[in-house]
Amino acid sequence: MKLSKRLSQILEQIPRGSRLADIGSDHALLPVAAVESGAAIKAIAGEVNPGPYDAAVKQVMESGMTEVISVRRGDGLDVLSAGEADVITIAGMGGSLIAAILDRGEDKLAGVNRLILQPNVGEDILRKWLYSHAWVLIEEFILEEDGKIYEILVAEPAELTDLTNEQVYLERAIAQGVELNLVWLLRMGPWLTKTPNPVFHDKWKAEIEKMNYILQSLSRSDQDSAVGKANEIRSDIEFIQEVLACLPKDKR
């Protein structure tokens with residue numbers, strides 16, 4: 001089975017022999033590939049929407065893996081019982097939605113030793129959730145596929161990793177002469193700023209373009225709130241430009 005570049009990168013982060021739960025599994029491509037490759041010995045494909053759920057059922061049946069891949073219809077982590085999975089993947093949703101899924105199903109995270117998360121937007125919201133719930137961000141990836149940029153966050157419980165959030169964030173506060181405080185590291189990514197590849201630069205150049213567009217809209221208003229917001233955006237643009245100018249373009 002040929003996976004997209006995005007799903008292939010997620011697959012590579014699944015430790016061999018895992019019990020996988022893929023939430024929002026769509027066509028169950030990832031669970032099937034994980035079992036085929038040996039990354040997972042068994043898997044659960046969770047999907048709340050009827051169309052993708054039916055597609056997942058069909059995919060698993062055609063793969064001949066119905067004995068090791070369970071396709072379940074339900075909302076978020078409702079498809080799981082505590083202890084059923086040791087790796088959870090959630091991909092293709094907004095960061096706020098993924099955080100809400102984790103929050104609402106936090107009791108299901110008992111026994112889970114790795115989260116592999118791919119938010120489409122709101123990566124900072126997800127980093128904040130992990131940081132405040134004793135999950136340590138052990139690695140991040142950023143990649144481009146079909147004109148879209150994706151970030152993948154890999155986290156483990158604080159008690160299972162030698163890394164601490166203090167090491168990941170606070171000790172990374174200085175990067176190439178640019179001071180990146182906790183707020184900016186949560187926003188830009190502590191590992192992505194450590195090894196910034198060209199896609200990272202492209203993402204933040206695009207963010208600057210969005211901010212400039214907002215500035216143009218705000219310039220047509222003379223309200224105090226608009227003026228204050230414009231000044232805040234200008235400050236952010238200047239800082240991001242400074243960061244990009246100081247950080248090298250790693251080829252990773």
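Remarks
- In terms of its C-alpha gyration tensor, segment 82-199 comes out oblate, because a/c is 1.5 or above while a/b does not outweigh b/c.
- Solvent-accessible area, 1.4 Å probe, carbon plus sulfur percent, for the chain: 49 percent
- Label-point gap, in nm, between Ala82 and Ser4 - each point 7 angstrom along Cα→Cβ: 3.4 nm
- Projected label distance in nm at Arg234 and Ile214, using a 7 Å step from Cα toward the beta-carbon: 1.6 nm
- Probe 1.4 Å, protein heavy atoms only - accessible area per residue of segment 95-252 in square angstrom: 51 Å²
- Of the trypsin sites (Lys or Arg not before Pro) in segment 1-65, the ones in a loop by DSSP (not H, G, I, E or B) with at most 14 other beta carbons within 10 Å are Lys2, Arg16.
- Tensor-based shape of the chain (alpha-carbon gyration tensor, a/c under 1.5 rounded, otherwise prolate or oblate): prolate
- Cross-link table Lys42/Lys205; Lys58/Lys210; Lys108/Lys128; Lys5/Lys42, entries beyond 31 Å C-alpha to C-alpha: Lys42/Lys205; Lys58/Lys210
- Three-way shape label, segment 149-252, alpha-carbon gyration tensor, a/c 1.5: prolate
- In the full protein context, segment 29-79 carries 47 Å² of accessible surface per residue, based on a 1.4 Å probe and ignoring ligands, DNA and RNA.
- Per residue, the convex hull spanned by the alpha carbons of segment 1-71 comes to 73 Å³.
- Stretching the chain fully between Asp224 and Arg16 yields a gain of 69.3 nm (0.36 nm per residue, less the alpha carbon separation).
- Full extension of the chain between Gln167 and Val183 gives 4.3 nm of extra length, using 0.36 nm per residue less the Cα-Cα distance.
- Theoretical ellipticity at 222 nm over the chain - DSSP helices of four or more residues, -39500 (n - 2.57) apiece, nearest 500: -13000 deg cm²/dmol
The values are calculated or read from the model by the stated rules, or taken from the named source; none is laboratory data. Model, not experiment: these values are computed from the prediction. Neighbour counts run over all protein chains shown; Cβ positions are idealised from the backbone, glycine included. Accessible surface areas use protein heavy atoms only, side chains included; no ligands, DNA or RNA. Shrake-Rupley method; radii C 1.70, N 1.55, O 1.52, S 1.80 Å.
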